Structures are given as structure tokens and as C-alpha cells.
Amino acid sequence: MKICGIIAEYNPFHLGHLKQIEYVKNVLGAEKIIVVMSGHFSQRGEVAVLDKFTRAKHAIIAGTDLVIELPTIFATANAEIFAKGAINILNSIGIVDSICFGVESGYEDDYISLAKEMNNESRKFKKILKEKLDSGISLAKAKFETLSELGKDFDPSLIATPNNILGLEYTKAILSTKSKIKIYPMIREGEHNDKTLKDGITSASSIREVLKTGKIKKLKGNVPKFVFGDLTTYPFDYESISLASLITASTEKLKNILDCTEGLENRIKALVKDNHSLDVLVDKVCTKRYTKSRIQRIILSNLLNIDKELVFDSLDSSLYAKVLAVSSNAKDIIPLICKSASVPILTRKSDEMLLEKKALECFEKDILANDIYALVTNKKINEHQMIII
């Protein structure tokens, strides 16, 4: 059976996502599609537009067969950790033979060639890389420029957009784990971060911008009908709880958060005293060196008490696959996964008794994220459910 994986946020699900699912089925010929999807918070460090179960429901209605949650500690991390965590899950369930991801440019061989070079870190590579990172550029760009300095010639567009960088990170993770998963980059329409609403297929960023205005009717032609009916105004009241958490946090705690480096914890603590608007605070902390997404992830990690030790330890541990939703026409896929998986498959609350050590600690962050999401959205959400569509 040909089973393809998709790693997604669906924040929210739109026509571009629907096109990808149709491509996986009709062009790649996948018989089943398994989605690894982020939970209540996004990789940009923001509250998701809709809760994870509603977004998982949309994915199933759109034609996928199973939706597994990407643990919160990975879903709210940088691109490299996000990708490693997702690929680890796909590897651990043991039945996925390929993944399809959206990119703005590049083909399979391009991503594999560049990923191989980036994974092959010689002593000279590491020395030049450190110098590049010290100059304040992103990790992906630093690695690319290091390769260029070492005489390697690659297409710079492969690290020019967030989607391309994620595609590259998926490929790196697949190669580094010696996974047999095959990659299928799919050229997407539009730009990932374009906030201008387009007719038909448009970016999730542009949809979220419209939701902030409350003009939901404008989105009728940009999302499937089954998504449109669930849309609501956005964002939610996340500001006070985040600021209070920062004010009470010690600099030592902030210092132990992933990507909070080079004294950034002192900058955040100094500015939070006099800036009681989350947006203003983020804007003031940001520099060319520290992006908005990076700062938002640090603030969110502080709120959820996620430190870098837990993140790195979890990457090296056997965790779990928490099923959010399954198609009523594909319930046989769960017994299939249970036979092949190297980790516990969570479909009901009693399954959580199988978790221990890092897996349990990691799962407790998913529960905390669920509780905080329920608080800021004023919505009761059963963390332990699995929905059948």
C-alpha cells in the first residue's frame, strides 16, 4: 500500500491545502494519506485560528485518512526542530513511504543534494558556520553561505522562503535518520508570507489577516465550505497571560529556552517592564538578528515551560503518536500502525498509561497547551479524544 505523509499546520485549512491532497492522490497515486499536524499553537509562536481537533476534522473531510498531532515542543520550535520532530513521528509509525511538501522552487534532486552537504559537517565547515552565525544570519542561510565559501554551488532559492527551508529540513532529517521515506516537493501557488488576500488560492497569512478584521464573509472563496462555517474572529486574548508569565520569569529560566541566546533574555526582561502590549514588546525586542517569529516562540515556550533540554532530549527519545482524527472509511489504518509502530499509539485516555519518562513529560506539555488554549479561547476541549469523521 502506498502511504504518503503530509506535515502541516492548516492554520486554517484552505484551497491550496486541498490542491495538495488532490495532487498526492491523483498524481502521486497514494492510497492513504497520513497528516502530522501542529496542535493549538503554531511554529510562528502564535495561537492557532481554530483548535487542533477542528483543524484535524477539516483535513479528514478534505480527503486525508489519519491526523497525528505534532507534539507541542516541536510544533512551536524553529524549522530544524519542527522538521526533525515531524519526521521522527513518521519514521516511528513505520508505514509511511513518502512525504509531499509545498515549495516555491526546486526539485527532489536539488533538495537531496543540498541536504547531504548540509548534513556533512566537517571541522572546517563548523568553523566557518560559527563565524556566519555570529554575524546574525539564520541557520539555514549560514549553512548555505558556508557551503558556498567551501566551493559548493547550489540554487540560493532553496533557502529563500520558509516553505523551501522547511522542505530542506525535512530532507535533512530523512537523510540523517537513514529513513526510506521518499520526498515529493510540490510547487505551490503564491507566497507563504504574503498577507494580501488573493482570489481562490491564497496564503494562510492573508486569511488570518482578514480574520483579524472580523470580515469573515470575504473568505468565502478562499476556503472550502466545510472550513468556512467554522471560521471565527481572531486573534484571541493571549496577551495578558503571556506578559504576566514573562514578568514572573527569571532571566535564568528564559536563558534555558531554545533560541534564547546571546543575552536575549536580558533584553526581553528589560523591555517587558515598560511595554504592556505584546505586539509592541515583540516589535521592540526584534532586530535584524532576532526575527518576530523567534521572539514569539520564546515567549510561548516560557508560558508553556518548555526548555531546550526537554526539546533535545525528546528528539533523541521514543515518544508517541497521538491520533487526533481518523476517517470512518480508514479505521483499519490504526491496527496497521499499531502493528508496525515503535512508539505507543494514543487513541484514548487509557493509552496514555503507556507513556513514561520523556514521552510522558512531552505529552504533559500537550495537555498544558490544550488547557491554555481552552482558557484564551473560552472553549472547553477534551484533550484525550480521537474524532472519527
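The values are calculated or read from the model by the stated rules, or taken from the named source; none is laboratory data. No experiment lies behind these values; they were computed from the predicted model shown. Don't worry about glycine lacking a Cβ; one is built from the backbone with ideal geometry, like all the others, and counts go over all protein chains shown. Please note that ligands, DNA and RNA were not included when accessible areas were found on the heavy atoms of the full protein model with its side chains. Shrake-Rupley method; radii C 1.70, N 1.55, O 1.52, S 1.80 Å.
What separates the Cα centres of region 143-192 and region 220-247 is a distance of 30 Å. Accessible surface of region 1-73, 1.4 Å probe: 47 percent of it comes from carbon and sulfur atoms. Accessible surface for region 293-389, divided over its residues, is 48 Å² per residue with a 1.4 Å probe. On a per residue basis, region 140-183 carries 45 Å² of accessible surface, using protein heavy atoms and a 1.4 Å probe.
Compute the separation of the alpha-carbon centres of region 195-219 and region 263-325 and state it in Å as a whole number. Taking the Cα centre of each part, region 195-219 and region 263-325 sit 26 Å apart. In terms of distances greater than 23 angstrom between alpha carbons, the cross-link table entries 2/182; 127/172; 25/217; 322/365 yield 25/217. Across the accessible surface of region 144-223, with the other protein chains kept in place and a 1.4 Å probe, carbon and sulfur atoms take up 51 percent. A simple rule links phi to the HN-Hα coupling: the Karplus curve 6.51 cos²θ - 1.76 cosθ + 1.60 with θ = phi - 60°, which for region 154-167 gives 9, 5, x, 5, 5, 10, 8, 10, x, 5, 5, 4, 4, x Hz, with x for Gly and Pro. Spatial offset of region 1-55 relative to region 99-126 amounts to 23 Å, using the alpha carbon center of each.
Structure remark: mean-square fluctuation, Gaussian network model of the chain, C-alpha springs under 10 Å; the largest value among 157, 179, 92 belongs to 157.
Modelled this way, with points 7 Å down the Cα-to-C-beta line, the labels at residue 150 and residue 349 are 5.2 nm from one another. Look at the dipole of the chain built from charges on Cβ: of 338, 17, 367, the Cα furthest out on the positive end belongs to 17. In the elastic network of the chain, a GNM with C-alpha springs shorter than 10 Å, the most mobile of 347, 233, 72 is 233. Rounded to 0.05, the FRET efficiency of the residue 374 and residue 209 pair, given R0 = 41 Å and the Cβ-Cβ distance, is 0.95. When the square roots of the Cα gyration tensor eigenvalues are ordered a ≥ b ≥ c, the ratio a/c for region 239-293 is 1.5 or more and a/b does not exceed b/c, which makes its shape oblate.
Whole-Hz Karplus values for region 207-221 come out as 5, 5, 4, 5, 4, 5, 8, x, 8, 4, 4, 5, 9, 4, x Hz, taken residue by residue from phi with 6.51 cos²θ - 1.76 cosθ + 1.60 and θ = phi - 60°; glycine and proline positions read x.
Between residue 389 and residue 119, what is 0.36 nm times their sequence separation minus the Cα-Cα distance? Round to one decimal in nm.
So the extension gain works out to 93.2 nm.
With a ≥ b ≥ c taken as the square roots of the eigenvalues of the C-alpha gyration tensor of region 331-389, please select rounded if a/c is under 1.5 and otherwise prolate if a/b is larger than b/c or oblate if it is not? In terms of gyration-tensor shape, oblate. Local charge for residue 177 was computed over the other residues whose Cβ lies under 15 Å away, with Lys and Arg +1 and Asp and Glu -1, and equals +2. For the chain, modelled as a GNM whose springs connect Cα atoms under 10 angstrom apart, the maximal fluctuation among 127, 25, 331 occurs at 127. Residues of region 208-222 falling in the label zone of residue 230, defined by backbone nitrogen less than 19 Å from a point 7 Å along Cα to beta-carbon, are 208-212, 216-222.
Leaving ligands, DNA and RNA out of it, report the carbon-plus-sulfur percent of the accessible area of region 292-382 at a 1.4 Å probe. Here carbon and sulfur together make up 49 percent of the probe-accessible area. The residue 31 and residue 244 beta-carbon pair, evaluated with R₀ = 45 Å, returns a calculated FRET efficiency of approximately 0.35.
Would you calculate, for the chain, the mean residue ellipticity at 222 nm contributed by helices, counting each DSSP H stretch of 4 or more residues as -39,500 (n - 2.57) and dividing by all residues, to the nearest 500?
Rounded to the nearest 500, the figure is -14000 deg cm²/dmol.
Heavy atoms of the protein chains alone define the surface here; on that basis region 207-277 has 54 Å² accessible area per residue at 1.4 Å probe size.
Shape class for region 25-98, computed from the alpha carbon gyration tensor (a ≥ b ≥ c): oblate, with a/c not under 1.5 and a/b at or below b/c.
Remark: region 1-146 carries a charge dipole of roughly 340 debye about the Cα centre, counting +1 on each Lys and Arg Cβ and -1 on each Asp and Glu Cβ.
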